[in-house]
Structures are given as C-alpha cells and as structure tokens.
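Visitor: One structure, as structure tokens, below. Some questions next.
The values are calculated or read from the model by the stated rules, or taken from the named source; none is laboratory data. Worth saying up front: this structure is predicted, and the values here are computed from it rather than measured. Cβ: placed from backbone, ideal geometry, glycine included. Neighbour counts: every protein chain shown.
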Amino acid sequence: MTVVSVPTGNPYEVLIGGGLLDSLGSHTAELRPKARVVCLVSDTNVWPLYGQQTQKSLEDAGLTVYPYIIQAGEQSKCGAVWLELLGFMAEHKLTRTDLMAALGGGVVGDLTGFAAATYLRGIDYIQIPTTLLAAVDSSVGGKTAIDLPRGKNLVGAFHQPILVLCDTDTLHTLPADIFLDGCAEVIKYGILYDADLFDHLEQYGPAFDREAVITRCIECKRDVVVLDERDTGLRMKLNLGHTIGHAVESLSDYTLSHGKSVAIGTAIIARASAACGHTAPDVRNAILHILNRFGLPTHTAQTAAALTEAALSDKKRSGGTIRLILPREIGDCFIHPLPAEDLEDFIKKGL
Ligand code: NAD
Ligand code: GLY
C-alpha cells in the first residue's frame with residue numbers, strides 16, 4: 001500500500017494498493033470514532049461487484065450502513081437524484097458526526113461529495129474510487145458537483161474528503177473502454193508534470209504499473225491542488241486538452257467519451273502549439289505517439305469553426321480571453337492566454 005498525504009485546509013490521506021477494501025472499516029473507525037452511521041452511495045454496476053464487501057468492512061468496524069444505489073451513468077449526477085439522496089439521509093436521521101462514502105466512479109464521487117457538502121451544511125465523506133479516472137482525478141481535490149440541463153458541473157462546492165481509499169483490484173472489472181478513458185487523464189499528468197511518468201507510460205502502454213502510476217498521478221494532482229485549492233490559477237493546468245476536448249465531446253452529443261475527446265483535444269493542442277512555435281516538433285511527436293500507443297484517437301472530423309463556437313460557450317472562458325495549456329517540454333506546460341478571436345485560427349493549425 002502507498003499513502004499520499006494531501007495537506008489541504010482539511011488534510012487527508014489517499015491510500016492506494018490492492019486488497020484495500022477490507023480495511024475500509026478499520027480506517028474509518030480510527031479516523032472518526034464518533035461516527036455511527038455511513039450512507040454508502042454506489043451505482044447499479046459497481047454495487048453488485050463491490051457493495052457487499054464494502055458494507056461488511058464498515059459493519060465489522062461497528063458502523064451501521066445505509067446503502068443508496070443510483071442508476072449508473074452521468075444522468076444520475078442531477079438535481080433530482082441529489083435531492084432524493086438528501087431526503088434518504090434525513091429519513092435515516094444522519095447527524096453531523098455521521099459519514100457518507102462514495103463507492104464508484106466520478107459520477108458517484110461528485111454526487112456524493114456534493115450531498116456531503118450540503119447535508120446539514122456539510123458532513124464528512126470518504127471517496128472509494130473504482131474507475132481509473134476517479135482514482136487519478138475526481139476523487140482527489142475536493143471538487144464536487146451535479147449537472148444542470150444547461151451544462152455539466154454547473155452546481156457544486158469545494159469539499160475535501162476525509163479519506164480516499166483506492167483499491168487497485170477494483171480496476172480489474174472495468175470495461176476496457178472506460179479504462180482507456182482514464183488513460184487519457186494519466187497521460188495528461190505525464191505531459192504536464194513528469195517526463196519519467198511519461199516514459200514509463202510510453203514503455204508499457206496500457207499495461208503500466210497500476211499502483212505506481214496512480215500514486216504518481218495523485219502526487220501531481222495533490223501538488224497543484226495544495227497550491228490552488230479553490231481553482232483560481234495554477235489548477236487550471238489540469239485542463240490540458242480539455243477546452244477543445246469538451247468542444248469535441250459536446251459536438252458529438254456525448255457519443256464520444258470524455259477521455260477520447262480529451263485525447264483529441266490534446267493532439268490538436270500539440271499540433272497547433274508546434275505550428276505556432278511554442279512546442280518543439282519532437283515534443284509534439286512524442287505526444288501524438290503516446291496517444292496512438294494507447295489506441296486513443298488524435299483527429300476529429302469537426303471543423304475549426306464548430307469547435308471554436310463550442311469551446312467559447314464553455315464555462316472556462318474568462319472574458320475575451322481563452323487560457324490554453326501548452327506543452328513547453330514533456331513534463332512542463334504553461335498557461336497561454338489567447339484572444340477569443342484568435343482561437344479558430346489556432347485550432348485550424350492543429351486539425
Ligand atoms: P462513471 O462514474 O460514470 O463510471 C464509468 C462507468 O464505469 C459507469 O458505468 C460505472 O458504473 C462503471 N464502473 C465504475 N467502476 C467500475 C468497476 N470497477 N468495474 C466495472 N464497472 C465500473 O464515470 P467516470 O469516468 O469515473 O467519471 C466521470 C465523471 O467524473 C463525470 O461526471 C465528470 O464530470 C467527473 N469528474 C470530476 C472531477 C472532479 O475533480 N470532481 C474530475 C474529472 C471528472
Ligand atoms: N479535474 C480538474 C480539477 O480537479 O481541478
């Protein structure tokens with residue numbers, strides 16, 4: 001097992017390793033000895049696989065568990081499900097010393113975190129990520145949210161978990177496509193912060209060392225979150241490939257997955273940035289090569305005009321300027337403010 005400490009305002013630890021689920025109860029009881037009840041949220045895919053084991057671990061530690069199972073999928077990250085979940089907790093009389101736990105991917109994690117942030121003005125919660133994306137990204141950093149019909153993550157709160165327990169064994173049951181989506185985020189950390197991580201991924205491809213790579217990604221995320229917990233500056237680097245990626249994703253009417261869209265966004269950035277002289281050709285080639293190595297897409301049939309329009313309607317726009325994240329070297333990226341009117345030309349260079 002590896003432990004990563006996250007010294008945010010409310011500090012916590014991330015435990016990473018195989019076979020950790022069975023120790024959830026003892027860690028929880030040690031951290032919050034006064035807790036009596038846990039509302040354990042999961043989804044219809046994850047609960048049948050790991051629900052019983054997780055519930056038993058908590059019960060063996062003397063906790064009463066109330067499971068709440070949502071329909072798997074992004075559509076559950078909505079106001080109606082959030083309100084139902086709050087109602088369920090109120091019915092079971094959870095108090096401020098009780099806990100929530102999120103067993104699942106980013107959907108379960110974001111919804112549970114937001115319910116924990118808002119129930120009784122905030123109670124503690126634990127993240128138990130079961131997708132690669134949730135392990136390396138959404139379970140750490142305290143961003144919680146639900147979607148509105150007008151867009152994703154439009155309602156939310158910053159609320160750090162008290163513990164993240166990442167049992168790498170749970171990743172064995174992930175469908176290959178969903179695992180690949182997480183790989184796009186893993187590659188992102190290599191490009192952003194760590195040439196050695198990038199080299200390991202290039203060497204091993206999708207057979208990378210699970211515990212070591214997840215740990216390194218979490219350390220990278222931890223380092224930036226600690227400097228910018230409320231996402232007002234440096235943390236935006238985590239959006240490498242995301243501004244254009246979100247445009248690709250929304251133009252596909254969400255038929256193309258988030259990870260694959262981000263991979264295309266990253267490839268467009270690499271090509272356009274090299275064409276503008278910000279990124280050396282060998283760095284561009286290394287990025288395109290690793291995306292191909294993982295079987296991630298690097299091209300879209302969308303036009304620069306359509307991508308620009310979709311990107312400009314994204315909430316990450318600040319005034320008349322788009323902040324793009326561009327690679328200087330592998331492991332070193334910078335924030336590049338670009339006037340919105342220049343975005344279409346920039347994207348054209350990267351298609
Ligand atoms: P997800 O939670 O929908 O999980 C993907 C699918 O995998 C689901 O069908 C789920 O049931 C299934 N699944 C999960 N674990 C499994 C396992 N071990 N075995 C078999 N099937 C399993 O999607 P995701 O990609 O994990 O997360 C996407 C969400 O995360 C989005 O809502 C996104 O907005 C959010 N997100 C949040 C942050 C943040 O910082 N809070 C960061 C990135 C993404
Ligand atoms: N996933 C981006 C962030 O946590 O800031």
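Visitor: The conditions are (1) surrounded by fewer than 16 Cβ atoms within 10 Å (Cβ to Cβ); (2) under 24 Å from Leu197 (Cβ atoms); (3) among the aliphatic types (A, V, I, L, M); (4) without any contact (Cβ under 8 Å) to a residue 24 or more places away in the chain, and Ile335 fails exactly one of them. Which is it?
Guide: (4)
Here is a yes/no grid of residues against (1) in a loop (DSSP other than H, G, I, E, B); (2) surrounded by fewer than 16 Cβ atoms within 10 Å (Cβ to Cβ); (3) small (Gly, Ala, Ser):
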residue	(1), (2), (3)
Phe179	no, no, no
Gly182	no, no, yes
Gly190	no, no, yes
Asp196	no, yes, no
Asp199	no, yes, no
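Visitor: Within segment 250-279, work out how many residues are closer than 16 Å to Gly151 by Cβ, within 14 Å of ligand 1 (Cβ to nearest atom) and at pLDDT below 95.
Guide: Final tally of qualifying residues: 3.
Visitor: Sticking with this structure for a sec: Can you pull out every residue in segment 30-53 that is within 12 Å of ligand 1 (Cβ to nearest atom) and among the β-branched types (Val, Ile, Thr)?
Guide: Selection gives Val41, Thr44, Val46.
Visitor: I would also like to ask the following. Take the residues of segment 228-247 that are at negative phi and not in a helix (DSSP H, G or I): which is surrounded by the fewest Cβ atoms within 10 Å (Cβ to Cβ)?
Guide: Thr232
Visitor: Show the residue pairs meeting these rules: Cβ distance below 6 Å; 6+ apart or different chains; first residue within segment 308-322 and within 15 Å of Met236 (Cα to Cα); second residue modelled with pLDDT under 65 and part of a helix (DSSP H, G or I).
Guide: Note: no pairs meet the criteria.
Visitor: Would segment 37-49 turn up any residue that is of a type in the set (Ser, Thr, Tyr), more than 30 Å from Thr255 (Cα to Cα), assigned to a loop (DSSP other than H, G, I, E, B) and without any contact (Cβ under 8 Å) to a residue 60 or more places away in the chain?
Guide: So far as segment 37-49 goes, no, none of its residues is of a type in the set (Ser, Thr, Tyr), more than 30 Å from Thr255 (Cα to Cα), assigned to a loop (DSSP other than H, G, I, E, B) and without any contact (Cβ under 8 Å) to a residue 60 or more places away in the chain.
Visitor: All but one of (1) touching an Asp or Glu at 6+ places or on another chain (Cβ under 9 Å); (2) surrounded by fewer than 19 Cβ atoms within 10 Å (Cβ to Cβ) hold for Gly87, so report the exception by its number.
Guide: (1)
Visitor: I would also like to ask the following. Just checking, how many residues over segment 126-151 are more than 21 Å from Glu229 (Cβ to Cβ) and either surrounded by 21 or more Cβ atoms within 10 Å (Cβ to Cβ) or touching a helix residue (DSSP H, G or I) at 6+ places or on another chain (Cβ under 8 Å) (or both)?
Guide: 6
Visitor: Separate question: Of the conditions (1) surrounded by 18 or more Cβ atoms within 10 Å (Cβ to Cβ); (2) on the phi > 0 side of the Ramachandran plot, Ala267 satisfies every one except a single condition; which number is it?
Guide: Checking Ala267 against (1) surrounded by 18 or more Cβ atoms within 10 Å (Cβ to Cβ); (2) on the phi > 0 side of the Ramachandran plot, the one that fails is (2).
Visitor: Pick out the one residue from Ile214, Ile290, Ile218 that is more than 16 Å from ligand 2 (Cβ to nearest atom) and part of a helix (DSSP H, G or I).
Guide: None of the other options fit; the residue is Ile290.
Visitor: Let me ask something else. Is one or more of the residues making up segment 148-168 more than 17 Å from the chain's Cα centre (by Cα), of a type in the set (Ser, Thr, Tyr) and at pLDDT 95 or above?
Guide: no
Visitor: Step by step: first the residues of segment 211-227, then only those that are within 13 Å of ligand 1 (Cβ to nearest atom) and under 17 Å from Ile187 (Cβ atoms), then the one that is surrounded by the fewest Cβ atoms within 10 Å (Cβ to Cβ). Which residue is that?
Guide: Val224
Visitor: What residue, among those in segment 214-241 that are over 15 Å from the mean Cα position of the chain (by Cα) and hydrophobic (A, V, I, L, M, F, W, C), is nearest to Ala263 (Cα to Cα)?
Guide: Leu234
Visitor: Can you name the condition, by its number, that His278 falls short on among (1) farther than 26 Å from Cys217 by Cα; (2) in a loop (DSSP other than H, G, I, E, B)?
Guide: So His278 meets the others, but not (1).
Visitor: Only strands (runs of 3 or more DSSP E) wholly contained in segment 52-154 count here; list those with 2 or more residues that are of a type in the set (Val, Ile, Thr), away from ligand 2 (no atom under 16 Å from the Cβ) and without any contact (Cβ under 8 Å) to a residue 40 or more places away in the chain.
Guide: Filter on segment 52-154 gives 64-70.
Visitor: Considering each of Asp194, Asp169, Asp137, Asp181 in turn, give the residue that is away from ligand 1 (no atom under 12 Å from the Cβ) and not aromatic (Phe, Trp, Tyr).
Guide: Asp194
So that you can scan it fast, the table gives a plain yes or no per residue for (1) within 16 Å of ligand 2 (Cβ to nearest atom); (2) farther than 25 Å from His299 by Cβ; (3) without any contact (Cβ under 8 Å) to a residue 24 or more places away in the chain:
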| position | (1), (2), (3) |
| --- | --- |
| Glu185 | yes, no, no |
| Tyr193 | yes, yes, no |
| Val226 | yes, yes, no |
| Asn239 | yes, no, no |
| His242 | yes, no, no |
| Val248 | no, no, no |
| Leu251 | no, no, no |
| Lys260 | no, no, no |
